[in-house]
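Q: Right, I'll just put the structure down here and ask away after.
The values are calculated or read from the model by the stated rules, or taken from the named source; none is laboratory data. If you're wondering where the values come from, they're calculated on a predicted model, not measured in any experiment. Positions of Cβ are generated from backbone atoms using ideal geometry, with glycine treated the same way; all protein chains shown enter the neighbour counts.
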């Protein structure tokens, strides 16, 4: 996993609530057996005017000029701001894979669906929760200033705005540690292999029916 | 000291190790695998040179991509026309073969939708932790199990370590007391709940369904409710253990027998929330208030009752929902104030991990019996949840009832719930669907989904528009 320390990037606004993972990456693209290459189909149904197909060339497809990521002012954006309950619905990790593959490193929203939130951290993508009022302020700032960029400092847990404001944010200590170091948490869990074996042995003893084959 | 909730107990029983930062290593008793969210997890194991921690904790079956016509299914995986879908199913087969994981392959009668197969096999048992790379894993909580969906990285984590790193959630109780009216099912209850608390109402919570109406509900009804806990934002849905749970589990292939059964029953009896347990939040609902539900919009919370009209902007709770309503009217081709019974259907889908079990099919068949699908309906599909559900339905003659009424009787799979196979809606088509999500494009590009119970879907197929199943 890519480590995340400090990131500065252009902000793109996704001004709708309850953006679901079907919207982030429609189901036909879930047929891939890879982890990469989902970026061109991020927000496919909003981004293009036709229906996308997996494994197809997207370069000649008609773009929806009204969609935010198609507007030149947001070219190269790597910070996405969104409204409440971002990432609801399906557990597909293809959603953070698509955001990351497109170039996003940070999402900022008032709230997220639990599974999506969790999936982001496994993929070097930082989901930040800020109050609705602060997020709303960011939407206004972005629309008012072309090229609006934010700097996100994970170590300090601060967002730095162009007008030198510091916005603090919360992040779970363990997730922060993994993200800062780019750690894959399987390796960390396996450091506790003895504890797992001990628990398992006790469980096999007390609840043997959980270990039956069909 | 206050008593414990069912979730508190299940959590506590599975803690391997608590960490200083408030997270815990939680042991996973069962992982279900399917073809869509597992290939990258197996690939991760291979790259890292890791082996599955405990093979017999895993059970796999392909479901999302499998075709549902008898002709295509005849030749198993070779019958999958779409080459991209085929690769995914072939990959699951080869991964399970390579790592030694039990898989019910396409030609196996036990194949089906993971969330139907697990309970049906007794592979889902009370007191277990159950995970799967699918958000509808909450279904298994109906067995007083702690079950939730995970992403692919966590699928790999569970394969490699048999554990997950978790933070304890909050306790939410949905208490439904009283008696459900005639024709009101678990589907109507859960849609009613989502209508009240919203799609984010359960975020961060483990949601237990309790109250007298739940106690008298069948396992199928309970599974339908827990299945859709995620549509209210709760990763976990649960129902306490009781005689109905035991009755369902007994005699299934993976279920304990003889002395182990008695041992298990003694342990399972405690899988209830204590009378003095404290929940962070309680939502009380009167069963008598629940009417047949129909979603009109593009989020499960955009739901109303069969006798109502499409809500107006004045009904929205805030500006975000107003904006959502406006987009939904446009996408769904509906007007505020329009009667729900005036919505005409192009297709009908009875199936999915929400509603494809034997009781669901019986309820739909009851309505379909001796009637005909309206000529204006292009297609009405019935897709059983597993090969065993299909066989049971055929033994009861339900297939004949459906076929005579003009429904198509298909092979098991996820089918039109998310249209990863050939079963999908055309642009602009309205569908009465027993599935779980009415998101934009979910059932096909430009498709318009209305979520309902199996009986409501069957009635809509016959009438060609939504009708009140209580008056049918």
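Q: Within the set of pairs 6 or more residues apart or between chains, which connect a residue that is at positive phi inside the range B:174-185 to a residue that is part of a strand (DSSP E or B) with Cβ atoms less than 9 Å apart?
A: Note: pairs meeting the criteria are B:178/B:285; B:178/B:286.
Q: Across the range B:422-472, what is the number of residues that are at negative phi and assigned to a loop (DSSP other than H, G, I, E, B)?
A: The number of residues fulfilling the criteria is 24.
Q: Also, quick follow-up: How many residues, within the range A:181-199, are surrounded by 12 or more Cβ atoms within 10 Å (Cβ to Cβ), more than 7 Å from chain B (Cβ to nearest Cβ) and modelled with pLDDT of 95 or more?
A: Here the count works out to 3.
Q: Any residue at all in the range A:111-132 that's in a helix (DSSP H, G or I) and either more than 17 Å from the chain's Cα centre (by Cα) or not assigned by TED's automatic domain parsing to the domain that holds residue A:44 (or both)? Explain how you work it out, then say what you get.
A: So in the range A:111-132, the residues in a helix (DSSP H, G or I) come out as A:114-121, A:132.
In the following step, the residues that additionally are either more than 17 Å from the chain's Cα centre (by Cα) or not assigned by TED's automatic domain parsing to the domain that holds residue A:44 (or both) were identified as A:132.
So far as the range A:111-132 goes, yes, one or more of its residues are in a helix (DSSP H, G or I) and either more than 17 Å from the chain's Cα centre (by Cα) or not assigned by TED's automatic domain parsing to the domain that holds residue A:44 (or both).
Q: Condition test on residue A:4, is it away from chain B (no Cβ under 13 Å), in a loop (DSSP other than H, G, I, E, B) and closer than 30 Å to residue B:136 by Cβ?
A: no
Q: Assuming residue A:173 fulfils every condition listed in (1) surrounded by 14 or more Cβ atoms within 10 Å (Cβ to Cβ); (2) out of contact with any strand residue (DSSP E or B) (no Cβ under 7 Å at 6 or more places or on another chain) apart from one, which condition is it?
A: (1)
Q: Any idea which residue in the range B:27-51 is nearest to the other protein chains (Cβ to nearest Cβ), counting only those that are closer than 15 Å to residue B:94 by Cβ and touching a residue at least 60 places away in the same chain (Cβ under 8 Å)?
A: B:40
Yes/no per residue for (1) more than 18 Å from the chain's Cα centre (by Cα); (2) farther than 30 Å from residue A:31 by Cβ; (3) surrounded by fewer than 23 Cβ atoms within 10 Å (Cβ to Cβ):
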{"residue": "B:352", "(1), (2), (3)": "no, no, no"}
{"residue": "B:370", "(1), (2), (3)": "yes, yes, yes"}
{"residue": "B:376", "(1), (2), (3)": "yes, yes, yes"}
{"residue": "B:379", "(1), (2), (3)": "yes, no, yes"}
{"residue": "B:406", "(1), (2), (3)": "yes, yes, yes"}
{"residue": "B:417", "(1), (2), (3)": "no, no, no"}
{"residue": "B:433", "(1), (2), (3)": "no, no, no"}
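Q: Same structure again: Looking at the range A:58-79, is at least one residue within 14 Å of chain B (Cβ to nearest Cβ), without any contact (Cβ under 8 Å) to a residue 12 or more places away in the chain and either more than 13 Å from the chain's Cα centre (by Cα) or at negative phi (or both)?
A: yes
Q: Might you check whether a residue that is under 19 Å from residue B:137 (Cβ atoms), in contact (Cβ under 8 Å) with a residue 24 or more places away in the chain and surrounded by fewer than 21 Cβ atoms within 10 Å (Cβ to Cβ) occurs anywhere in the range B:75-95?
A: No, because not a single residue in the range B:75-95 is under 19 Å from residue B:137 (Cβ atoms), in contact (Cβ under 8 Å) with a residue 24 or more places away in the chain and surrounded by fewer than 21 Cβ atoms within 10 Å (Cβ to Cβ).
Q: Can you pull out every residue in the range A:31-53 that is surrounded by 21 or more Cβ atoms within 10 Å (Cβ to Cβ), in a loop (DSSP other than H, G, I, E, B) and more than 9 Å from every other protein chain (Cβ to nearest Cβ)?
A: A:38, A:42, A:43
Q: Still on this model: Return yes when residue B:136 is within 11 Å of chain A (Cβ to nearest Cβ) and farther than 25 Å from residue A:187 by Cα and no when it is not.
A: yes
Q: Quick check: anything in the range A:115-122 buried (at least 21 other Cβ atoms within 10 Å of the Cβ), farther than 23 Å from residue B:206 by Cα and in contact with a strand residue (DSSP E or B) (Cβ under 9 Å, 6 or more places away or on another chain)?
A: Scanning the range A:115-122, I find no residue that is buried (at least 21 other Cβ atoms within 10 Å of the Cβ), farther than 23 Å from residue B:206 by Cα and in contact with a strand residue (DSSP E or B) (Cβ under 9 Å, 6 or more places away or on another chain), so the answer is no.
Q: So how many residues does the range B:332-356 have that are outside any strand (DSSP E or B) and touching a strand residue (DSSP E or B) at 6+ places or on another chain (Cβ under 7 Å)? Steps first, please.
A: Here is the first cut: in the range B:332-356, the residues outside any strand (DSSP E or B) are B:332-338, B:340-343, B:345-346, B:351-356.
From the residues that got through so far, the ones that are touching a strand residue (DSSP E or B) at 6+ places or on another chain (Cβ under 7 Å) too are B:332-333, B:337-338, B:340-343, B:345-346, B:351.
Looking only at that region, the number is 11.
Q: Right, here's the next one. Taking into account only those residues within the range A:138-149 that are under 21 Å from the mean Cα position of the chain (by Cα) and assigned to a helix (DSSP H, G or I), which is surrounded by the fewest Cβ atoms within 10 Å (Cβ to Cβ)?
A: Taking the range A:138-149 first, the residues under 21 Å from the mean Cα position of the chain (by Cα) are A:138-139, A:142, A:148-149.
Narrowing further to those that are assigned to a helix (DSSP H, G or I): A:138-139, A:142.
Working: A:138: 20, A:139: 16, A:142: 24.
Selected residue: A:139.
Q: Pick from B:305, B:354: which is within 14 Å of chain A (Cβ to nearest Cβ) and touching a helix residue (DSSP H, G or I) at 6+ places or on another chain (Cβ under 8 Å)?
A: B:354
Q: Related question: Looking for whichever is within 10 Å of chain A (Cβ to nearest Cβ) and out of contact with any strand residue (DSSP E or B) (no Cβ under 8 Å at 6 or more places or on another chain) here; the options are B:21, B:108. Which one fits?
A: The unique qualifying residue is B:21.
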